[in-house]
């Protein structure tokens, strides 16, 4: 079972504790059955109702042992499985942090969200059923041993019926798991449709045809999901009814079949019947646990599989100790850098490069070009987020290979076009309050929000305001290179003018190397150099007179 494999990652001790606790619980329950039967026989044989105090004391001790072992086992199991989930979740997040961006973009976020959040929740909610199913199985074994002592023939017949029933029940369970997997796929499609509705809310409200089509798709996916869920419920109940039927057959066999083949069985029929009735709780508990554990086991399997998949997304050299690069660098050079996106058979892939470029420290460089010309790909190659198919990237002649990527990226602060404004200023100690306040005033955000400790007070802002906060965070990082991708596109005319005529020159005066993707041709003169992208090729154009050069 995948949940057991997940638990085994903590070492042998948790599984040993689970087995010991389940065995103690099952054995104490079986002894309770034996004591009750023995005491009842003594009362019947002696024709009186005198209580055997030793038997009563043993009964109380076994009940207390069962209660203590059951409570300890379930509590310990819950703690161990939570620790195992936490360990796996942290390994997944660690692999995600070190994944290759291009591979991760192709992989998609839906399986990541489903495994790291929903699967963890499913396992956590149902972890105790692993302990209960093991206890139930051991209790059934203990009761069967007790029945074998009372009547070997009854044991053989009941054991054979249980074996046949177990095989049939398992096959029904496999069919149920297949339908559960189909349901998971349908629910993933349903999640995608809901995401389309939320993420594209404005677009669907502005286009009635799109809205109707989206609604029809959602209705279709919802209907198939409902059908798949109904099939899961139906097969689950069929499996449960089969188990009840098999249990009733055991009772019928004891009362109507075994006495025909054993003349001495009449003396033990009550005890064996009581033993079978005593098995009702563990049998139905095992059936319920197996049904619930199916979902938890599938969730654990998806998480374990995701771990191996993320291993395949790992960036070369991500786990190795980082090698240094010159922090007081003078130039970054791209030599023959090329990159291409894969394309379906028969179609031509989009390629960029070769790039041959030298960026000197302290320069302000604007990157221009139409949509789809390759500007964002160029920026990702420059920052080391994409790995070139060919060519060299060097800092003061030092090759930026797998071992130096981390140190190279540490030279840069970025605000991408699709940047994320983090809830906290991760990676920074508490920023200097006076500096942070001055930056907020500079960005004209002091009346909107503020830096409170290590986070911004508000993030529910317009796109332009969020980018201003992103620039504040980037400046507070105090990196020598600042990369801005379409930063001014969401600013109003007043602040766009301030950005190009005041902020960029001031950041240059502070010694920052600024690389900005822009379409604002009215301000090209601010740059020292202008690089133009067209169909994946890079050329350098003349900067208008009056620039900062």
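The values are calculated or read from the model by the stated rules, or taken from the named source; none is laboratory data. Because the structure is predicted, anything quoted here is derived from the model rather than measured. Note that we place each Cβ from the backbone using ideal geometry, even for glycine, and neighbour counts take in every protein chain shown.
From the list 10, 65, 27, which one is more than 19 Å from residue 147 (Cα to Cα) and part of a helix (DSSP H, G or I)?
Sole residue among the options that is more than 19 Å from residue 147 (Cα to Cα) and part of a helix (DSSP H, G or I): 65.
Among the residues of the range 477-497, just one is surrounded by fewer than 19 Cβ atoms within 10 Å (Cβ to Cβ) and under 31 Å from the mean Cα position of the chain (by Cα), namely 477. Considering every residue within the range 342-362, establish whether at least one is assigned by TED's automatic domain parsing to the domain that holds residue 526, in contact with a helix residue (DSSP H, G or I) (Cβ under 6 Å, 6 or more places away or on another chain) and over 15 Å from residue 535 (Cα atoms). Looking for residues that are assigned by TED's automatic domain parsing to the domain that holds residue 526, in contact with a helix residue (DSSP H, G or I) (Cβ under 6 Å, 6 or more places away or on another chain) and over 15 Å from residue 535 (Cα atoms), one finds none in the range 342-362, hence no. Number of residues in the range 450-483 that are closer than 22 Å to residue 417 by Cα and part of a loop (DSSP other than H, G, I, E, B) equals 9. The helices (runs of 4 or more DSSP H) falling completely within the range 101-216 that include 1 or more residues that are within 30 Å of residue 14 (Cβ to Cβ) and not assigned by TED's automatic domain parsing to the domain that holds residue 237 map to 110-113, 120-126, 128-150. Please determine whether any residue of the range 451-465 is touching a residue at least 60 places away in the same chain (Cβ under 8 Å) and either at negative phi or in the same structural domain as residue 426 (by TED's automatic domain parsing) (or both). No, the conditions are met nowhere in the range 451-465. If you check residue 321 against the conditions, is it in a loop (DSSP other than H, G, I, E, B) and either out of contact with any strand residue (DSSP E or B) (no Cβ under 9 Å at 6 or more places or on another chain) or closer than 30 Å to residue 6 by Cα (or both)? Taking the combined requirement at face value, the residue satisfies it. A single entry from 507, 531 fulfils the requirement of being touching a residue at least 12 places away in the same chain (Cβ under 8 Å), within 30 Å of residue 349 (Cβ to Cβ), in the same structural domain as residue 370 (by TED's automatic domain parsing) and out of contact with any helix residue (DSSP H, G or I) (no Cβ under 6 Å at 6 or more places or on another chain): 531. So is residue 444 on the phi > 0 side of the Ramachandran plot and either surrounded by 13 or more Cβ atoms within 10 Å (Cβ to Cβ) or part of a loop (DSSP other than H, G, I, E, B) (or both) or not? Taking the combined requirement at face value, the residue satisfies it.
Can you spot a residue in the range 140-158 that is at pLDDT below 80 and surrounded by 18 or more Cβ atoms within 10 Å (Cβ to Cβ)? No, the conditions are met nowhere in the range 140-158.
Exactly one residue out of 221, 254 is surrounded by 13 or more Cβ atoms within 10 Å (Cβ to Cβ), assigned by TED's automatic domain parsing to the domain that holds residue 166 and at pLDDT below 75: that is 254.
The residue of the range 450-476 that is surrounded by the fewest Cβ atoms within 10 Å (Cβ to Cβ), among those that are modelled with pLDDT under 90 and either under 20 Å from residue 382 (Cβ atoms) or under 28 Å from the mean Cα position of the chain (by Cα) (or both), is 460. Is one or more of the residues making up the range 323-333 under 30 Å from residue 92 (Cα atoms) and surrounded by fewer than 21 Cβ atoms within 10 Å (Cβ to Cβ)? Yes; the residues of the range 323-333 include at least one that is under 30 Å from residue 92 (Cα atoms) and surrounded by fewer than 21 Cβ atoms within 10 Å (Cβ to Cβ). Would you confirm, using the coordinates I've provided, whether residue 173 is at pLDDT below 75, surrounded by 13 or more Cβ atoms within 10 Å (Cβ to Cβ) and within 30 Å of residue 30 (Cα to Cα)? In short, yes. One residue alone among 208, 115 is more than 27 Å from the chain's Cα centre (by Cα) and modelled with pLDDT under 80, and that residue is 208.
Looking only at residues of the range 398-441 that are in a helix (DSSP H, G or I) and either free of Cβ contacts under 8 Å to residues at least 24 places away in the same chain or touching a helix residue (DSSP H, G or I) at 6+ places or on another chain (Cβ under 6 Å) (or both), we find that the one that is surrounded by the most Cβ atoms within 10 Å (Cβ to Cβ) is 439.
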